[in-house]
Amino acid sequence: MIVLDQENRIFTLHTRNTTYQMKADQYNVLEHVYYGARIDNCELSELLQCGERSFSPNPNEAGKSRSYSLDVIPQEYSTCGVGDFRLPSIELELVNGSHTTDLRYKGFRLEKGKYTLEGLPGFWDTDEEAETLIIFLIDSAAHVEVELYYGVFEAFDLITRAVRIVNQGDETVRLCQCASLCLDFIRSDLDMITFNGHHLMERCLDRGPLRSGIQSVGSMRGISSHQHNPFVMLCDRDADEDNGICYGAMLLYSGNFEAAVECSQYENSRLVMGIHPYHFCWTLEPGGTFTAPEAAMVCSPDGFGEMSRQYHRAIRKHLLRDPYKGIQKPVLVNNWEATYFDFDAEKLVEIAREAAALGIGLFVMDDGWFGSRNDDNSGLGDWQVNLKKLPGGLESLVPRIKELGMEFGIWLEPEMVNEDSNLYRSHPDWALQVPGRAPSRGRGQLTLDFSREEVREHIYTQMKKVLSSADISYIKWDMNRSLTDVWSAGLPAGRQGEVYHRYVLGVYDLLERLHQEYPHILIEGCCGGGGRFDGGMLYYTPQIWCSDDSDAIDRLRIQYGTSFCYPVCTMGAHVSAVPNEQNGRRTPLKTRGVTAMSGAFGYEMDLSRCTADERDEIRRQVEMYKTHYELISCGDYYRLSNPFEDELFTAWEHVSVDKKEALVSLVAGNVRPASPFNRLRLKGLDVSLYYQVNHEEKLYSGRALMQAGYPIPEIRMDYQSLQLYLQAK
Ligand code: GLA
């Protein structure tokens with residue numbers, strides 16, 4: 001609910017559990033008043049305090065008064081060069097060479113429903129469940145208008161933000177920075193939580209107290225990256241899963257980003273999040289506009305768990321555009337770890353036949369089916385079937401898979417090119433490279449210049465041919481390197497600062513065309529696993545391969561970190577063979593199933609090599625997943641332990657929305673002799689209900705399971721696992 005106090009120019013955004021307030025003050029500066037637990041009928045502007053502080057300048061309009069400074073007050077969208085020395089949100093360069101930006105309140109507009117951003121991903125709303133507030137600010141010397149967008153999804157405690165810049169003057173303006181979100185706090189005793197890692201180990205949680213100065217995470221790799229996720233949190237020092245206030249900030253963007261927090265001199269802190277200013281400079285001709293990507297905030301007054309569940313609910317309902325919405329997704333089998341590049345049609349059909357017999361419904365043909373692709377040094381860019389491997393092409397292979405009762409899916413890496421490809425031989429300038437410099441390779445490949453329409457058009461034409469040659473219901477859209485040598489032959493020297501962002505817009509453009517033309521195709525995102533696991537991609541690719549590390553124990557950490565923002569239905573997770581391909585670890589097949597089942601479930605192994613016992617176990621797992629699909633994919637998710645701290649086991653729980661069912665999963669770490677006896681305290685149950693566990697007769701009260709816990713059977717083997725299915729009676 002958006003409440004306006006026009007007389008006092010106060011704007012209040014209420015969600016179910018939170019309140020967000022801003023006010024245009026006496027100097028027309030938009031001040032940030034409050035964000036936190038919900039307070040009804042509130043006018044909190046007496047909280048805004050300011051006084052004389054040396055070396056904190058005063059705006060010209062203040063005359064002789066020294067009691068007001070932009071350097072001290074909390075602001076909604078920070079500026080630079082005119083008195084605020086903390087992190088700026090925007091920086092304009094005018095033709096006179098100046099780099100100051102001064103924004104003042106001009107007006108507002110309310111809209112029903114959620115705003116949309118052209119060419120950019122965003123939370124959507126079809127039933128006017130959301131409301132929009134647009135606040136207009138103006139830099140009157142620069143003749144630049146800044147529109148601040150707020151989308152309020154009340155039931156989800158979700159407030160989205162975006163920014164649109166309009167050059168209303170008759171001179172060119174250059175935009176050197178344009179953040180999506182600025183959030184000021186009148187406190188700095190907060191912890192910052194970020195999700196970091198590398199290829200094969202993404203989104204590991206890192207928590208630490210804010211310290212004086214600037215601390216930040218970000219990416220300058222052209223992708224949101226394995227290294228730092230564009231989702232960060234700030235919280236009370238003692239906040240945990242169930243207690244304390246916490247703030248989540250998610251950027252729906254898949255390229256360079258920065259999330260920086262500054263603790264300033266007077267023990268305030270400011271979070272600024274948006275496109276990374278590195279090599280970003282956007283030219284706004286007179287009348288020109290620029291739109292910064294969307295950011296989405298959830299505040300939970302009651303700990304991380306509820307924040308995550310609100311993000312999960314909102315993402316599932318208002319961000320994903322999933323062709324399987326409301327329908328059960330098939331379990332998939334992918335041939336990558338089973339065959340790598342070494343396969344032919346017969347091998348693929350053999351794996352699919354085994355899979356079909358086990359209840360698996362989707363066969364995915366991974367890398368190696370096209371061009372001259374027999375290893376990872378050639379072929380990218382030539383999206384024509386390799387007829388030596390697949391005689392008769394997809395026209396012949398796909399019906400054979402479909403005859404088995406399975407859907408067919410295909411791997412593509414549209415953004416890439418190998419120098420050893422027909423595409424590169426005919427269009428070397430289509431790859432990103434700087435004149436006079438030999439480009440760096442990543443995985444032996446170069447990046448296509450997706451900022452150029454003709455490049456995208458060429459790739460799309462090839463993709464369409466493939467997609468129309470057979471009945472394809474799934475695409476794995478891969479992307480296997482960081483960007484370097486970012487320079488486009490399609491833009492003049494003065495506009496090269498636009499290439500990183502135009503590249504991302506180009507990726508979104510192609511994904512959107514695919515979505516519009518083939519709405520029935522499920523696209524799974526991938527970037528060497530989870531190198532582009534962000535809210536931007538999720539709008540186009542409702543599931544993303546979580547990591548190239550498929551080891552069940554490593555995955556506990558990766559999926560744990562990922563779950564802070566993203567729902568389990570978005571996390572591609574597969575059972576693979578042992579010893580594991582990435583780390584050599586042996587884990588029981590059951591455990592691999594338990595871990596992968598808490599995701600978009602599948603297999604990635606040569607099923608034709610499984611023993612009869614293994615087949616039985618897989619059949620059981622597939623059945624289990626299908627039976628509890630709704631509970632796992634649409635239920636509420638509770639983290640019961642932290643795999644970064646708890647060595648004995650990792651546990652988590654899915655609870656149905658009506659709290660009548662729950663599925664608890666537990667995976668042990670390395671076994672210890674005479675290990676302690678443990679009770680697992682469950683969460684999210686109904687205190688007034690009694691539950692059966694794994695269909696046994698005995699009943700447990702919901703209150704007892706949550707307060708006293710459930711006894712964990714003694715663990716006798718490394719990486720043993722356990723699943724408890726609870727049903728209210
Ligand atoms: C990336 C993906 C893998 C696989 C290979 C194929 O590494 O993350 O799952 O598709 O590419 O080359």
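The values are calculated or read from the model by the stated rules, or taken from the named source; none is laboratory data. What you see is a predicted model; the values in this text were computed from it and never measured. Heads up, the Cβs are rebuilt from the backbone with ideal geometry, glycines too, and the neighbour counts pull from every protein chain shown. To get the accessible areas, we keep the full protein, side chains included, count just its heavy atoms, and leave off ligands, DNA and RNA. Shrake-Rupley method; radii C 1.70, N 1.55, O 1.52, S 1.80 Å.
Taking the criterion of being free of Cβ contacts under 8 Å to residues at least 60 places away in the same chain, in contact with an Asp or Glu (Cβ under 8 Å, 6 or more places away or on another chain) and within 12 Å of the ligand (Cβ to nearest atom), the only residue of region 375-405 that qualifies is Gly379. In this entry, Phe363 passes the filter for residues that are within 16 Å of the ligand (Cβ to nearest atom), in contact (Cβ under 8 Å) with a residue 12 or more places away in the chain and not in a loop (DSSP other than H, G, I, E, B).
Within region 410-434, residues that are free of Cβ contacts under 8 Å to residues at least 40 places away in the same chain and at negative phi have Cβ atoms under 6 Å from residues that are among the small types (Gly, Ala, Ser) and within 16 Å of the ligand (Cβ to nearest atom) in these pairs: Val417/Gly381, counting only partners at least 6 apart in sequence or on another chain.
For region 595-612, the tally of residues that are within 13 Å of the ligand (Cβ to nearest atom) and surrounded by fewer than 23 Cβ atoms within 10 Å (Cβ to Cβ) stands at 0. Among residues of region 27-49 that are of a type in the set (Phe, Trp, Tyr), those with a Cβ under 6 angstrom from a residue that is open to solvent by less than 40 Å² (accessible area, probe 1.4 Å) and in a loop (DSSP other than H, G, I, E, B), sequence gap 6+ or separate chain, pair up as Tyr27/Pro59; Tyr34/Leu44. Checking the structure you have, find out if any residue of region 436-456 is open to solvent by less than 10 Å² (accessible area, probe 1.4 Å), away from the ligand (no atom under 16 Å from the Cβ) and assigned to a helix (DSSP H, G or I). Yes: region 436-456 contains one or more residues that are open to solvent by less than 10 Å² (accessible area, probe 1.4 Å), away from the ligand (no atom under 16 Å from the Cβ) and assigned to a helix (DSSP H, G or I).
When Lys388 is tested against the conditions (1) on the phi > 0 side of the Ramachandran plot; (2) of a type in the set (D, E, K, R); (3) more than 32 Å from the chain's Cα centre (by Cα), the lone failure is (1). Does Leu92 qualify as being of a type in the set (A, V, I, L, M, F, W, C) and under 22 Å from Tyr35 (Cα atoms)? The answer is no for Leu92. Within region 1-32, the only residue that satisfies the criterion of being open to solvent by less than 60 Å² (accessible area, probe 1.4 Å), assigned to a loop (DSSP other than H, G, I, E, B) and among the acidic types (Asp, Glu) is Asp25. For region 99-121, the set of residues classified as part of a loop (DSSP other than H, G, I, E, B) and at negative phi consists of His99, Thr100, Asp102, Leu103, Lys114, Tyr115, Thr116, Leu117, Glu118, Leu120, Pro121, listed by residue number.
What number of residues within region 313-346 are more than 16 Å from the ligand (Cβ to nearest atom) and either among the basic types (Lys, Arg) or under 25 Å from Ser473 (Cα atoms) (or both)?
So in region 313-346, the residues more than 16 Å from the ligand (Cβ to nearest atom) come out as 313-331, 344-346.
Going one step further and asking which of them are either among the basic types (Lys, Arg) or under 25 Å from Ser473 (Cα atoms) (or both), we end up with 313, 315-331, 344-346.
Number satisfying all stated conditions: 21.
Name the pairs: first residue in region 334-346 and within 12 Å of Glu581 (Cβ to Cβ) and modelled with pLDDT of 95 or more, second residue within 12 Å of the ligand (Cβ to nearest atom) and of a type in the set (A, V, I, L, M), Cβ to Cβ under 9 Å, at least 6 apart or on different chains? Short answer, once both residue conditions are applied: Trp336/Val364.
Asn268 meets all of the listed conditions (1) under 30 Å from Glu91 (Cα atoms); (2) within 16 Å of the ligand (Cβ to nearest atom); (3) not β-branched (Val, Ile, Thr) but one, namely (2).
Residues are listed down the side, and each one gets a yes or a no for (1) surrounded by 15 or more Cβ atoms within 10 Å (Cβ to Cβ); (2) modelled with pLDDT of 95 or more:
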{"site": "Tyr34", "(1), (2)": "yes, yes"}
{"site": "Arg38", "(1), (2)": "yes, yes"}
{"site": "Ser67", "(1), (2)": "no, yes"}
{"site": "Ile73", "(1), (2)": "yes, yes"}
{"site": "Asp84", "(1), (2)": "yes, yes"}
{"site": "Leu120", "(1), (2)": "yes, yes"}
{"site": "Asp127", "(1), (2)": "no, no"}
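Taking into account only those residues within region 408-421 that are more than 29 Å from the chain's Cα centre (by Cα) and within 16 Å of the ligand (Cβ to nearest atom), which is least open to solvent (accessible area, probe 1.4 Å)?
Per the stated criteria, the residue is Ser421.
Just one of the numbered conditions (1) modelled with pLDDT under 95; (2) open to solvent by less than 50 Å² (accessible area, probe 1.4 Å) is not true of Arg672: (2). Within region 175-209, the residues that satisfy the criterion of being within 21 Å of Tyr77 (Cα to Cα) and either not in a strand (DSSP E or B) or not assigned by TED's automatic domain parsing to the domain that holds Gly248 (or both) are Ile186, Arg187, Ser188.
If the condition is being in contact with a strand residue (DSSP E or B) (Cβ under 6 Å, 6 or more places away or on another chain) and either open to solvent by 50 Å² or more (accessible area, probe 1.4 Å) or under 17 Å from Gly361 (Cβ atoms) (or both), then region 388-407 contributes Val398, Ile401, Met406, Glu407. When you check Tyr700 against the structure, is it open to solvent by 40 Å² or more (accessible area, probe 1.4 Å) and at pLDDT 95 or above, yes or no? Yes. Scanning region 219-246 for residues that are open to solvent by 10 Å² or more (accessible area, probe 1.4 Å), out of contact with any Ser or Thr (no Cβ under 8 Å at 6 or more places or on another chain) and at negative phi yields Met220, His226, Asp236, Arg237, Asp238, Asp240, Glu241, Asp242, Asn243.
Before we move on, is Tyr625 part of a helix (DSSP H, G or I), open to solvent by less than 20 Å² (accessible area, probe 1.4 Å), at pLDDT 95 or above and aromatic (Phe, Trp, Tyr)? When the stated conditions are applied, Tyr625 passes them. Taking region 527-554 as the range and being within 16 Å of the ligand (Cβ to nearest atom), open to solvent by less than 10 Å² (accessible area, probe 1.4 Å) and part of a helix (DSSP H, G or I) as the test, only Met537 passes. Only one entry of Tyr424, Tyr460, Tyr518, Tyr500 meets the criterion of being open to solvent by less than 10 Å² (accessible area, probe 1.4 Å), assigned by TED's automatic domain parsing to the domain that holds Ser378 and modelled with pLDDT of 95 or more, and that entry is Tyr460.
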